[in-house]
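The values are calculated or read from the model by the stated rules, or taken from the named source; none is laboratory data. Treat the numbers as computed from the prediction; the structure is a model and nothing was measured. All Cβ positions, glycine included, derive from the backbone under ideal geometry; neighbour counts span all protein chains shown. When the accessible area is computed, the model is the full protein with side chains, heavy atoms only, and any ligands, DNA or RNA have been set aside. Shrake-Rupley method; radii C 1.70, N 1.55, O 1.52, S 1.80 Å.
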Amino acid sequence: MKRLFVLLIAATSLTFANDHLIPLISPAEIDQKIKETAQQINQEYAGKELKIVMLMKGAFVVAADLIRHLDIPCTIDHITTSSYGKNGTNRGELRIMGLENLKLENQDVLVVDDIFDTGFTMKNVIEKLSDENPKSLKSLVLLAKKDNCQVTYRPDYVLFDVDNHFVVGYGLDYKEY
């Protein structure tokens, strides 16, 4: 399979043939937005230590690029969420694994995910992490779908708002590929 370095949307049926994929956001645009957002986070958390909690597997690319631009002390941890898995595009039951390993009490926490689609996953993760009594709790997503949200929650940092297309690349997967 060819490695994808830009975000792509499926134009027709999703295969890994290039004629079915359309570039959506360039690597340069992503890099610039991550740098800008990192600067904002550096200012907001100046003098503090930040704990980043990635939602695996999709968030690892954006989280890795983000921490390269952070000047503040930070630690990184992860949880695993799954509602699609090998089902593809149909959401199933949300599972959150790894919560028992997090120590968030009295910490400034930033949850990082790849995409805010319906909002169901992030809303539930934020609710669960709130139970751990962090000092502060914010969220960051690479993408938020403009017209697909089904919850009232909105991430604190959204790098790009996109139309309601199926998106792959830059850590976003299709059936875990």
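(1) under 13 Å from residue 52 (Cα atoms); (2) exposed (fewer than 13 other Cβ atoms within 10 Å of the Cβ); (3) at pLDDT 95 or above: which one isn't true of residue 130, the others all being true?
If we test residue 130 against (1) under 13 Å from residue 52 (Cα atoms); (2) exposed (fewer than 13 other Cβ atoms within 10 Å of the Cβ); (3) at pLDDT 95 or above, just (1) comes out false.
Restricting region 1-38 to residues that are among the polar types (S, T, N, Q) and more than 18 Å from the chain's Cα centre (by Cα), which is modelled with the lowest pLDDT?
Result: 12.
Checking residue 140 against (1) in a strand (DSSP E or B); (2) open to solvent by 70 Å² or more (accessible area, probe 1.4 Å): exactly one of these is not met. Which one?
(2)
Are there any pairs with C-beta distances below 7 angstrom linking a residue in region 125-152 that is closer than 21 Å to residue 30 by Cβ and in contact (Cβ under 8 Å) with a residue 40 or more places away in the chain to a residue that is open to solvent by 60 Å² or more (accessible area, probe 1.4 Å) and not aromatic (Phe, Trp, Tyr), with the two at least 6 apart or on different chains, and if so which?
Matching pairs, first to second residue: 140/156.
Condition first: part of a strand (DSSP E or B), open to solvent by less than 50 Å² (accessible area, probe 1.4 Å) and not basic (Lys, Arg). Can you find one or more residues in region 144-153 that meet it?
yes
Give the number of residues within region 48-95 that are modelled with pLDDT under 90, within 22 Å of residue 158 (Cβ to Cβ) and among the small types (Gly, Ala, Ser).
Result for region 48-95: 2.
Does region 96-116 include one or more residues that are open to solvent by 50 Å² or more (accessible area, probe 1.4 Å), at pLDDT below 85 and either farther than 28 Å from residue 30 by Cα or more than 17 Å from the chain's Cα centre (by Cα) (or both)?
no
Quick one: what pairs do we get from region 40-57, first residue in contact (Cβ under 8 Å) with a residue 24 or more places away in the chain and more than 13 Å from residue 136 (Cα to Cα), second open to solvent by 20 Å² or more (accessible area, probe 1.4 Å) and among the hydroxyl-bearing types (Ser, Thr, Tyr), C-beta under 9 Å, 6+ apart or different chains?
55/80; 55/81; 55/121; 56/80; 56/81; 57/80
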